[in-house]
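Everything on this sheet refers to the single structure shown next.
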Amino acid sequence: GGGDGSAKLAEGFEASGFKAIVNQLKWFAGHQIKNMATIAGNVVTGSPISDLNPLWMCSRAVFKVVGEDPSKVREVRAEDFFLGYRQVDLKDSEILYEVDLPCTRRYEYVQEFKQAHRREDDISIVCAGMRVKFASEGGKWVVEDIALAYGGVAAKTVMAPKTQELLTGREWNRETLLAGLESLKEEIFIAPNAPGGMVEFRRSLVASFFFKFFVGTSLKLAQDSEAHLPDQKHVPTVDAEEISAAQPYARPESFGLQLYDHEKGENIVGKAIPHASARLQVTGEAKYVDDMPLFANALHSALVLSTKPHALIEAVDTEEALAIEGVVGYYGHEQVRGGNDIGPVIPDEECFAKDKVTCVGQVIGIVVAETEQQAREAARKVRVQYKDLPPIMSIEDAIESDSFYGENWESKVERGDVDECFASGACTHVVEGDMKIGAQDHFYLETNACTVVPL
């Protein structure tokens with residue numbers, strides 16, 4: 001169905017299309033995305049660089065959609081489903097609920113192609129899906145049916161009908177290869193100013209994918225025809241140095257070696273010193289919060305975060321949140337025992353915002369519940385009433401709004417006496433103007449979590 005996360009393989013020669021889908025999924029997003037995403041969701045986005053849509057199109061797939069009346073099913077061929085840039089043949093009231101992918105026939109082959117900036121977990125520069133069905137006529141193997149679909153070359157995934165018509169009925173040999181390459185150069189045209197750039201490279205990929213398809217299917221046809229029709233074996237017109245074009249990519253196992261030569265007491269400046277926790281992290285022995293089993297009767301929490309960049313907090317309504325089953329309580333600045341001020345160096349931040357928020361995502365309170373899902377749901381139900389304040393985006397705005405840090409906050413670097421220098425006449429060159437340097441915070445790639453055990 002459209003909600004399936006993976007294809008179900010058929011057997012033997014019938015499975016070529018399914019295998020192409022599975023092979024493409026190996027280079028499709030990360031594990032987290034593939035575990036949650038669905039086939040239907042990927043299809044209906046209508047992305048022109050979708051890795052799978054060329055395969056649906058070339059494999060004669062049919063999309064089944066339903067609307068408000070589930071008894072009325074509308075079928076759309078995959079090659080007709082994509083109308084324009086992220087536009088698909090789907091009405092507002094319809095959903096894609098099933099993808100029908102025909103099994104391949106004897107001497108029919110489907111192959112997937114993708115080129116990205118990096119091999120894994122990256123969007124395509126150009127991708128393609130190709131299918132060809134061969135038939136033996138008078139001792140020659142000719143093209144009975146062929147379909148070529150490309151992504152990343154236009155505003156939508158496109159096929160090459162002129163080239164397909166040109167190749168149909170021709171013997172699968174070197175002459176046919178050259179004819180196909182020449183036709184694709186004209187039919188799959190990428191304008192010099194096409195969005196995405198890399199025009200010459202993308203044009204070369206259109207040709208190289210078809211060449212790899214020719215080599216791969218020629219070798220497969222030779223193998224299958226020898227097994228089932230030995231007196232009509234196909235003789236591929238492929239040079240020995242070209243056979244590698246049909247070999248699938250195999251990533252070698254990564255390895256590395258770094259040597260450290262350091263004795264205690266030596267000067268370590270400029271030396272390669274391993275991080276204190278590096279050994280535990282690379283061996284998988286490091287323990288994180290998610291690795292630790294929860295205690296009996298453990299509770300879960302979720303934060304209530306500001307949705308405003310700069311505003312006064314007028315009221316916090318927790319009634320709806322506390323009414324959810326499993327919710328234990330809500331805690332804000334009123335429940336903090338001792339000081340509510342925190343900070344790694346200077347305690348100039350609030351643990352829970354009291355009267356004012358100064359950014360989206362600032363913590364206002366925390367909800368505690370029996371399960372994580374209950375805590376998250378309750379946190380969304382906490383209603384915060386704000387009074388918007390004008391944004392302060394520059395030093396000038398801060399001065400005009402009389403917005404300064406408190407008297408006890410001080411952070412400055414002083415060296416020399418500026419007034420004395422100017423008065424001495426030693427300044428031979430004076431440059432006047434304003435210079436602004438924006439703040440640069442650490443990029444927080446990691447998420448944060450903790451387990452609290454009351455004493």
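The values are calculated or read from the model by the stated rules, or taken from the named source; none is laboratory data. None of the values given here were measured: they were computed from a predicted structure. All Cβ positions, even for glycine, are placed from backbone atoms using ideal geometry, and neighbour counts span all protein chains on display.
Being loosely packed, with under 13 Cβ neighbours inside 10 Å and either modelled with pLDDT under 90 or over 19 Å from Cys450 (Cβ atoms) (or both) is the filter here; which residues of segment 349-366 pass it? Asp355, Cys359, Val360, listed by residue number. Among residues that are in contact with an Asp or Glu (Cβ under 9 Å, 6 or more places away or on another chain) and surrounded by 10 or more Cβ atoms within 10 Å (Cβ to Cβ), His300 is included. Residues of segment 335-392 that are aliphatic (A, V, I, L, M) and in contact with an Asp or Glu (Cβ under 6 Å, 6 or more places away or on another chain): Ile342 alone. Can you work out which of the residues in segment 372-401 that are touching a strand residue (DSSP E or B) at 6+ places or on another chain (Cβ under 6 Å) and in a loop (DSSP other than H, G, I, E, B) is surrounded by the most Cβ atoms within 10 Å (Cβ to Cβ)? Looking at the filtered set, the residue picked out is Val382.
Taking segment 90-110 on its own, how many of its residues are among the hydroxyl-bearing types (Ser, Thr, Tyr), touching a residue at least 40 places away in the same chain (Cβ under 8 Å) and in a loop (DSSP other than H, G, I, E, B)? First the steps, then the outcome.
Narrowing segment 90-110 to residues among the hydroxyl-bearing types (Ser, Thr, Tyr): 93, 97, 104, 107, 109.
Filter again for touching a residue at least 40 places away in the same chain (Cβ under 8 Å), leaving 97, 104, 107, 109.
From what's left, in a loop (DSSP other than H, G, I, E, B): 104, 107.
Number of matching residues: 2.
Checked against the criterion of being under 30 Å from Ala296 (Cα atoms), modelled with pLDDT of 90 or more and among the polar types (S, T, N, Q), segment 374-394 contains one or more residues that satisfy it. Annotation note: of Ala154, Ala179, the sole residue that is outside any strand (DSSP E or B), small (Gly, Ala, Ser) and either without any contact (Cβ under 8 Å) to a residue 40 or more places away in the chain or exposed (fewer than 13 other Cβ atoms within 10 Å of the Cβ) (or both) is Ala179. With respect to His234, determine if the residue is at negative phi, at pLDDT below 90, surrounded by 11 or more Cβ atoms within 10 Å (Cβ to Cβ) and part of a loop (DSSP other than H, G, I, E, B). Considered against the rule, which asks whether it is at negative phi, at pLDDT below 90, surrounded by 11 or more Cβ atoms within 10 Å (Cβ to Cβ) and part of a loop (DSSP other than H, G, I, E, B), His234 comes out as no. Restricting attention to segment 182-210, the residues that are under 20 Å from Arg131 (Cα atoms) and not in a helix (DSSP H, G or I) add up to 1.
Here is a yes/no grid of residues against (1) hydrophobic (A, V, I, L, M, F, W, C); (2) in a loop (DSSP other than H, G, I, E, B); (3) within 36 Å of the chain's Cα centre (by Cα):
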position: Asn297; (1), (2), (3): no, yes, no
position: Ser301; (1), (2), (3): no, no, yes
position: Ile324; (1), (2), (3): yes, yes, yes
position: Gly365; (1), (2), (3): no, no, yes
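For segment 162-176, a residue qualifies if it is assigned to a helix (DSSP H, G or I) and in contact with a helix residue (DSSP H, G or I) (Cβ under 8 Å, 6 or more places away or on another chain), and the qualifying residues are Lys162, Thr163, Leu166, Leu167, Thr176. Of the residues contained in segment 183-203, none is found to be in the same structural domain as Phe82 (by TED's automatic domain parsing) and under 27 Å from Ala15 (Cα atoms). So which residues in segment 197-245 are under 27 Å from the mean Cα position of the chain (by Cα), hydroxyl-bearing (Ser, Thr, Tyr) and farther than 23 Å from Leu55 by Cα, if there are any at all? Listed by number, the list is empty, since nothing qualifies.
Do the conditions hold for Lys114, that is, is it in a strand (DSSP E or B) and either among the hydroxyl-bearing types (Ser, Thr, Tyr) or over 20 Å from Phe201 (Cβ atoms) (or both)? It is false that Lys114 is in a strand (DSSP E or B) and either among the hydroxyl-bearing types (Ser, Thr, Tyr) or over 20 Å from Phe201 (Cβ atoms) (or both).
In segment 257-301, the residue that is farthest from Thr371 (Cα to Cα) out of those that are at pLDDT 85 or above and touching a helix residue (DSSP H, G or I) at 6+ places or on another chain (Cβ under 9 Å) is Glu285. Only one of Ala302, Ala272, Ala278 is of a type outside the set (Val, Ile, Thr) and touching a strand residue (DSSP E or B) at 6+ places or on another chain (Cβ under 7 Å). Can you tell me which? Going through Ala302, Ala272, Ala278 in turn, the sole match is Ala302.
Evaluate the following for Arg118: is it within 23 Å of Ala147 (Cβ to Cβ) and charged (D, E, K, R)? Taking the combined requirement at face value, the residue does not satisfy it.
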